[in-house]
Structure formats: structure tokens, C-alpha cells
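Encoded as C-alpha cells, here's the structure I'll be asking about.
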Amino acid sequence: TQHHWFMTVSAVALLILIPLFIFTFGSVLGSSYEEVTAYYSRPFPAIVAALTILVSFKHFNSGFQIMIEDYVHGPMEKVCIIGMTLISYGAAATGLFAIAKLAL
């Protein structure tokens, strides 16, 4: 299905993004707020963080939706999918907002 295909693609993307994120985030871990703000005002670390957040939460949402479709049936299936989608996208939006606040 479409979700299984996306899970494969996003897993490959995360194999690249997670090490980049760890490298970029790790280099400012423990730094002052001013240093972190200056670092994330540069395009590369901000874009890596934003892509990692987006792809991770979309991957999580797709995986959880597959699990719901397999184990939950009836009206509760749609309620669970909608609820998890709201939580996933809300968390992604919060992370992107945080990156934007640091970068701008």
C-alpha cells in the first residue's frame, strides 16, 4: 500500500538525516543560547533539523496508521487515525516552530 511504500522511502531518508542531525545538533549541545541561535541561523543545520523533524513524524504517523489498520476496526479505527495524525502533525509543527524561532 501507499503507507508501506512511504515507510520504506522515509526509512532510507532517515538513515541519512539522523546521522546528519546528530552531527549538527551534537556540535552545539551545551552551548549558550546565543551560540545555538547563531548556529541555527545558518541554512544547513536549520534545514537538516527541519527535515529530520518532518520526515520522522510523518514516518511515525504512517507506521502508527498501519498498526491501527491492522488491529483496530470499526469507527474507532478512524478516530485513532485522526487522533494520531493530529498528534504527529502537531508535534512536527511545534518542532518546526522551534527551529524557525532559533533560525530567525
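The values are calculated or read from the model by the stated rules, or taken from the named source; none is laboratory data. All figures in this text were calculated on a predicted structure; none of them were measured in a lab. For neighbour counting, all protein chains shown are included, and Cβ atoms are generated from backbone atoms with ideal geometry for every residue, glycine included. Ligands, DNA and RNA are stripped out before the accessible areas are found, and what is left, the full protein with its side chains, is counted by its heavy atoms. Shrake-Rupley method; radii C 1.70, N 1.55, O 1.52, S 1.80 Å.
Just need a number here: residues in the stretch 23-48 that are open to solvent by less than 60 Å² (accessible area, probe 1.4 Å) and either within 19 Å of residue 62 (Cβ to Cβ) or small (Gly, Ala, Ser) (or both).
Result for the stretch 23-48: 5.
Quick one: in the stretch 67-84, of everything that is surrounded by 14 or more Cβ atoms within 10 Å (Cβ to Cβ) and assigned to a helix (DSSP H, G or I), which residue is modelled with the lowest pLDDT?
Residue satisfying both the conditions and the ranking: 69.
Sort through 55, 28 and tell me the only one that's aliphatic (A, V, I, L, M), modelled with pLDDT of 95 or more and not in a helix (DSSP H, G or I).
When all the criteria are applied, what remains is 28.
With respect to residue 47, is the statement that it is within 22 Å of residue 3 (Cβ to Cβ) and at pLDDT 95 or above true?
Against the criterion (within 22 Å of residue 3 (Cβ to Cβ) and at pLDDT 95 or above), residue 47 does not qualify.
Another question, then. Exactly one of (1) on the phi < 0 side of the Ramachandran plot; (2) open to solvent by 70 Å² or more (accessible area, probe 1.4 Å) is unmet by residue 20. Its number?
(2)
Another question about this same structure. Kindly evaluate residue 6 against the criterion of being more than 23 Å from residue 100 (Cα to Cα) and open to solvent by 40 Å² or more (accessible area, probe 1.4 Å).
Spelling it out, residue 6 is indeed more than 23 Å from residue 100 (Cα to Cα) and open to solvent by 40 Å² or more (accessible area, probe 1.4 Å).
In addition: Out of curiosity, is residue 14 open to solvent by 70 Å² or more (accessible area, probe 1.4 Å), touching a residue at least 40 places away in the same chain (Cβ under 8 Å), of a type outside the set (Asp, Glu) and not in a loop (DSSP other than H, G, I, E, B)?
The answer is no for residue 14.
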